[in-house]
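What follows is one structure encoded as structure tokens, with my remarks underneath.
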Amino acid sequence: MISSKVLAGLLLGTLVLGTASCGSRVADNSPTLSQTEPLASPTPTVSPPASPVIPNRTAANTVTVTVYKPDSQCEELVPEQVRVSQTNAIADAVGKTIEYGNTKDFDLSGYRVNVDPSSQVATVDLRLSPDSQRQFVSLSSCERFALFGSLQKTLTSNSQWQIQEVRFTQQGEEIVF
């Protein structure tokens, strides 16, 4: 029998590992893949739940995908294997990729991913927080590379998604630099 301290530790560890992709989701019933995700803070703060809650994240309903993040010199994109929800793999991978580019003064509050399977084009609609001190146009070349380069590489390099092109919008309007 597992002691209550061991069980609490396991639950807390599970919550910490699942925090980055947990949250409220708004599903879109259209034929394209669409998902809205809140952005997790880069260093999640987790407090133990009042009653044990086990996230619905088992090996049976997750898949491993490759996400890309910039290296420390912001010159190359480095691959990283992560586990994401099987049913929301693209949106979860986008969320994990965005975590690498979030800064204190540039704050994204959410995003939506739409994939058109016939044209093999993914559109990532980014939502800038109203409290963000900076806009997309104020991003440095390194920050642009970290955000947009990482997202593009992540979406086009996972061949199972068959995405050939990635477009970026802000609340439906194309992001132009």
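Of all residues in region 133-167 being of a type in the set (Ser, Thr, Tyr) and more than 30 Å from SER118 (Cβ to Cβ), which is surrounded by the most Cβ atoms within 10 Å (Cβ to Cβ)? Steps first, please.
Here is the first cut: in region 133-167, the ones of a type in the set (Ser, Thr, Tyr) are 138, 140-141, 150, 154, 156-157, 159.
Of the ones still in play, those that are also more than 30 Å from SER118 (Cβ to Cβ) are 138, 140-141.
Details: SER138: 11, SER140: 9, SER141: 9.
Here the answer is SER138.
Could you list, in sequence order, all residues of region 70-84 that are part of a strand (DSSP E or B), modelled with pLDDT of 95 or more and surrounded by 10 or more Cβ atoms within 10 Å (Cβ to Cβ)? Write out each step before concluding.
Here is the first cut: in region 70-84, the ones part of a strand (DSSP E or B) are 70, 77-84.
So of that shortlist, the ones also modelled with pLDDT of 95 or more come out as 77-84.
Within region 70-84, LEU77, VAL78, PRO79, GLU80, VAL82, ARG83, VAL84 qualify.
When you scan region 85-177 for helices (runs of 4 or more DSSP H) that lie fully inside it, which ones turn up with 3 or more residues that are at pLDDT below 95, of a type outside the set (Phe, Trp, Tyr) and within 30 Å of ALA60 (Cβ to Cβ)? Explain how you work it out, then say what you get.
Working: elements: 89-99, 141-144, 150-157.
In region 85-177, the matching helices (runs of 4 or more DSSP H) lie at 89-99.
The values are calculated or read from the model by the stated rules, or taken from the named source; none is laboratory data. The model shown is predicted, which means the values in this text are computed figures rather than measured ones. Positions of Cβ are generated from backbone atoms using ideal geometry, with glycine treated the same way; all protein chains shown enter the neighbour counts.
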